Amino acid sequence: EAGVTQFPSHSVIEKGQTVTLRCDPISGHDNLYWYRRVMGKEIKFLLHFVKESKQDESGMPNNRFLAERTGGTYSTLKVQPAELEDSGVYFCASSRGTGGSYEQYFGPGTRLTVT
Amino acid sequence: LAKTTQPISMDSYEGQEVNITCSHNNIATNDYITWYQQFPSQGPRFIIQGYKTKVTNEVASLFIPADRKSSTLSLPRVSLSDTAVYYCLVGRGSGGYNKLIFGAGTRLAVHP
């Protein structure tokens, strides 16, 4: 089966611009997560979708970040306007998500550079 | 979610067995222990998960003592391709929602 895919693999934008990241989860996975790692820091949870609904968005840093998952398939994460501190690698993961399983399938990440 | 402590880095040689120990002193009754592996420029990859005693799969073994305050990931006969960062995570599964909390991980370097 195809894995989690993310687009683009790398994006370089100027401060104040807008960027939209896309994630295509594994087919049939209702759970979709966004994480990110900023330079020198640990991977941090951003938010979690169950199908098209936001289950938990406690990790979203501020209202410049908007995530959507229309139709419960792919998801987008928009950053508007981008700031320098938004630079990092954004990972998407998906899972079937049952009970005590912590097995999530990660994409390769999108490296965002804000200059 | 329980805090975990693991070595920052480890070195090994091809063909050796590598054991990475993780401490999680405040693990809760319902918490599971999970290990992920991450190669450069890739997302983390699930390796193994356990609750108590020993779990083995085709990649690794996970040893969990009776008090569950620590766990050891064992990689048999490592190769150069096992060079990666290994994360120990502890958390509770609840209704299918499992947010992952990553620490700094252990950077394993395998040498020829």
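The values are calculated or read from the model by the stated rules, or taken from the named source; none is laboratory data. Quick caveat, the model's predicted, so the values are computed rather than measured. Neighbour counts are summed over all protein chains in view; Cβ atoms, including those assigned to glycine, are modelled from backbone coordinates with ideal geometry. The accessibility values were calculated without ligands, DNA or RNA, using every heavy atom of the protein model including side chains. Shrake-Rupley method; radii C 1.70, N 1.55, O 1.52, S 1.80 Å.
Run the reach check for B:Lys69 against lysines, Cα to Cα strictly under 30 Å, same-chain hits fewer than 8 apart removed. What comes back?
Partners within reach: A:Lys41, A:Lys44, B:Lys3, B:Lys52, B:Lys54, B:Lys99.
For the pair B:Phe63/A:Thr70, report the inter-label distance in nm, with labels modelled 7 Å from Cα in the Cβ direction.
5.4
What is the gain in length, in nm to one decimal, between B:Thr56 and B:Ala109 on full extension, counting 0.36 nm per residue of separation less the C-alpha to C-alpha distance?
Numbers: separation 53, 0.36 × 53 = 19.08 nm, distance 2.25 nm.
Full extension from B:Thr56 to B:Ala109 adds 16.8 nm.
Considering only C-alpha atoms, what is the centroid distance from segment A:42-101 to segment B:1-51, in Å?
Here the two parts' Cα centres lie 24 Å apart.
Would you mind giving the total buried accessible surface between chains B and A, with a 1.4 Å probe and ligands, DNA and RNA left out, rounded to the nearest 100 Å²? Provide the component values of the computation, followed by the final result.
Working: alone 6520 and 6580 Å², together 11200 Å².
Its buried surface, counting both partners, is about 1900 Å².
Which whole number gives the average count of other chain Cβ atoms within 10 Å of the Cβ atoms across peptide B:38-50?
Working: counts 4, 0, 0, 5, 5, 15, 8, 4, 8, 1, 1, 4, 0.
For peptide B:38-50, the averaged partner shielding equals 4.
Which loop trypsin sites (Lys or Arg not before Pro) in segment B:1-104, with loop taken from DSSP, have no more than 11 other Cβ atoms within 10 angstrom of their Cβ? Write down the numbers at each step before the final one.
Details: sites: B:Lys3, B:Arg45, B:Lys52, B:Lys54, B:Arg68, B:Lys69, B:Arg77, B:Arg92, B:Lys99; in loops: B:Lys3, B:Lys52, B:Arg68, B:Lys69, B:Arg77, B:Lys99.
Those satisfying the criteria are B:Arg77.
Would you mind calculating the gained length between B:Asn19 and B:Thr72 on full extension (0.36 nm times residue separation, minus the Cα-Cα distance), in nm to one decimal?
Answer, rounded to one decimal: 18.5 nm.
May I ask you to derive the FRET efficiency for B:Ser81 and A:Lys41 from their Cβ-Cβ distance with R0 = 30 Å, giving the value to the nearest 0.05? Working shown, then result.
Details: r = 26 Å, r/R0 = 0.88.
The calculated FRET efficiency here is 0.70.
Within 10 Å of each Cβ of B:5-15, how many other protein chain Cβ atoms are there on average?
Working: counts 0, 0, 0, 0, 0, 0, 0, 0, 0, 0, 0.
So the per-residue partner count for this stretch is 0.
Between A:Glu52 and A:Glu14, how high is the FRET efficiency from 1/(1 + (r/R0)^6) when r is the Cβ-Cβ distance and R₀ = 41 Å? Nearest 0.05. Don't jump to the answer; show the numbers that get you there.
Details: r = 32 Å, r/R0 = 0.78.
Efficiency at R0 = 41 Å is approximately 0.80.
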